[in-house]
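What follows is a short report on a single structure.
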Amino acid sequence: MADAPGLRPLRILHVFRAPLGGLFRHVLDLARGQVECGHQVGIFCDSNTGSARADQVFAELGPDLALGVTRVPMSRYPSLTDAKAQMAAISTRGRLSPDVVHAHGSKGGVYARLPALVSPQRRYITAYTPHGGSFNYKPGGTEHRIYMSVERLLERATDMFCFESAFIAGRFEAYIGHKPRSDYRIVLNGISEAEFAPIDHAKATFDLVYLGELRSAKGVDTLIDALALLKRRDGIEPRILIVGSGPDEAVLRQMTFDRGVGSQCVFEPPGPIRAALAQAHVMVIPSRAESLPYVILEAAAAAQPLISTNVGGIREIYGPDHANRLIPADDPAILAGSIRSILAMPEAERRAQATDLAKHVRQNFCLNAMIDGVLAAYRVALARRGIG
């Protein structure tokens, strides 16, 4: 991992909303790698989300961030809070004078790029990584039309698109109507060598584990319905650990009891992924929408047996030799069948299947390649704007 030799260090400000989930992991990996390469890095994000875990991460990382951590209240959906957050973003950028403002996610894209629309002579570049965001909305609806109009407007203020998956790059072209008119790169999410150590399941007490946000897009309700089907039709009652938080947590907790599977389900707040994986033999990700999810990358790298839906860039993670194992989203009966099959599979066969997928991930999703790819994209965009 190294930036181009002989070039001056950059001042880089990462702008996004929620310090949680895969987007947060992506920003942290980039920030740490960029600091190791000698750059000055800062973060601008929401102060209302992330809980104690985000506070702890920022406390540990903060001393290494020369441009600091700035947190202000932000809202997930458009609201009056946006105006105050936008002014804070402008003020922060003015105070820090970054060379690069790297936006992540739809809301980060607005905060970072809207002021750039009226600053054609700006002495910094804007980079944008959507992470799914507004591109995960179903086409045809009012929300989708509004968000795509915003994306078309802000494209003019974007110097470099850094798509984290070919899937989202394809969605951009399909929904906006053309490839980005400015420069763009597909820089796949990457993970570190240490994350390829296989998970030890010797003390696992659960059959299944789900890790992720507790909201509609993640399909946890489909998983609960699948558990109910297994119990009612087959008399199978796998125990599941549900690790995460989100706006639908209370509804999902109640749903487990309404469907008669409450005694099988244990909810825990977000925590280290490897510790959660070690508690269960199989991970289940029943998502309705994804970009290129880290939770799948990390579990696959650690040779954790997996069940996943065929959405977003997950097919890119599985590759051509494993993609036939992916299942459709929103189908409790198919999900129940997959759970029944994998739990009945001999342990040696399950482990061999997972180890084979880990080899594919090692070859294609490298953390150092991600960091180097993003830095190279910055340099190209800076050169085009005539910024040394």
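So what is the calculated 222 nm ellipticity per residue for the chain, using -39500 (n - 2.57) for each DSSP H run with n of 4 or more, over all residues, to the nearest 500 deg cm²/dmol? Before the final figure, lay out the partial values.
On the way: 14 runs with 164 residues, N = 388.
Mean residue ellipticity at 222 nm (helix-derived): -13000 deg cm²/dmol.
Fewest first, what order do T309, T222 take by the number of other Cβ atoms within 10 Å?
Lowest to highest Cβ neighbour count: T222, T309.
In the chain, with Lys and Arg counted as +1 and Asp and Glu as -1 at Cβ, which of these residues, P269, G141, A88, has the Cα nearest the positive end of the dipole, that is, farthest along it?
Farthest towards the positive pole: A88.
Taking H placed 1.01 Å from N in the peptide plane, check which residues at least 5 places from I236 or on another chain put their amide H under 5 Å from its amide H.
K231
What angle do you read, to the nearest 10 degrees and between 0 and 90, between the alpha-carbon axis of helix 347-364 and the longest principal axis of the chain?
On a 0 to 90 degree scale, this one is about 10.
Starting from the Cα of R233, step 7 Å toward the Cβ, then list every residue of the range 313-354 with an amide N under 16 Å from that point.
327-344
What residues have an amide H closer than 5 Å to that of E268, excluding those fewer than 5 places away on the same chain, when H is modeled at 1.01 Å from N in the peptide plane?
I242, V243, G244
Mind pulling the per residue volume of the convex hull built on the Cα atoms of the range 194-364? Å³ is fine.
Spread over its residues, the Cα hull of the range 194-364 gives 103 Å³ apiece.
Please give the peptides 297-306, 372-381, 160-169 ranked by average Cβ packing (other Cβ atoms within 10 Å per residue), highest first, as a rough proxy for protection.
297-306, 160-169, 372-381
Given 0.36 nm per residue, what is the gain on full extension from A333 to R274 after removing their alpha carbon distance, in nm?
Length gained, A333 through R274: 18.4 nm.
Sort the following peptides by mean Cβ neighbour count (other Cβ atoms within 10 Å, averaged over residues), highest first: 19-32, 90-103.
Per-residue Cβ counts within 10 Å, averaged per peptide and sorted highest first, yield 19-32, 90-103.
Hey, can you grab everything whose amide H is under 5 Å from the amide H of A103? Only 5+ residues off in sequence or another chain; H modelled, so Pro and N-termini drop out.
Distant-sequence amide H within range of A103: V15, A127, Y128, T129.
Under 27 Å between C-alpha atoms is the cut-off here; go through the chain and count lysine pairs that meet it, provided they're at least eight residues apart or on different chains.
Counting lysine pairs in the chain gives 10.
Neighbour counts of other C-beta atoms within 10 Å: give me S79, S182 arranged from fewest to most.
Result, fewest neighbours first: S79, S182.
Against the longest principal axis of the chain, how steep is helix 166-176, in degrees 0 to 90 to the nearest 10, with axes from Cα atoms?
60
Quick one: Debye curve from the alpha-carbon atoms of the range 328-388 only, equal weights, vacuum; give me log10 I(q)/I(0) at q = 0.12, 0.16, 0.28, 0.30 Å⁻¹ to two decimals.
-0.60, -0.73, -1.04, -1.08
With an 8 Å Cα cut-off and a minimum separation of 6 or more residues, compute the relative contact order for the range 194-364 in percent.
Relative contact order for the range 194-364 comes out at 28 percent.
Using r as the Cβ-Cβ distance of K138 and D82, and R0 as 25 Å, what FRET efficiency do you calculate, to the nearest 0.05? Each step should come with its number before you reach the end.
Numbers: r = 23 Å, r/R0 = 0.93.
Efficiency, rounded to the nearest 0.05: 0.60.
Quick one: order T49, T205 by neighbouring beta-carbon count within 10 Å, fewest to most.
T205, T49
To the nearest 10 degrees, how steep is helix 21-36 against the longest Cα principal axis of the chain, on a 0 to 90 scale?
Value to nearest ten degrees: 50.
Coordinate-derived values only; no laboratory data. Keep in mind that what you see is a predicted model, and the values were worked out from it rather than measured. Note that we place each Cβ from the backbone using ideal geometry, even for glycine, and neighbour counts take in every protein chain shown.
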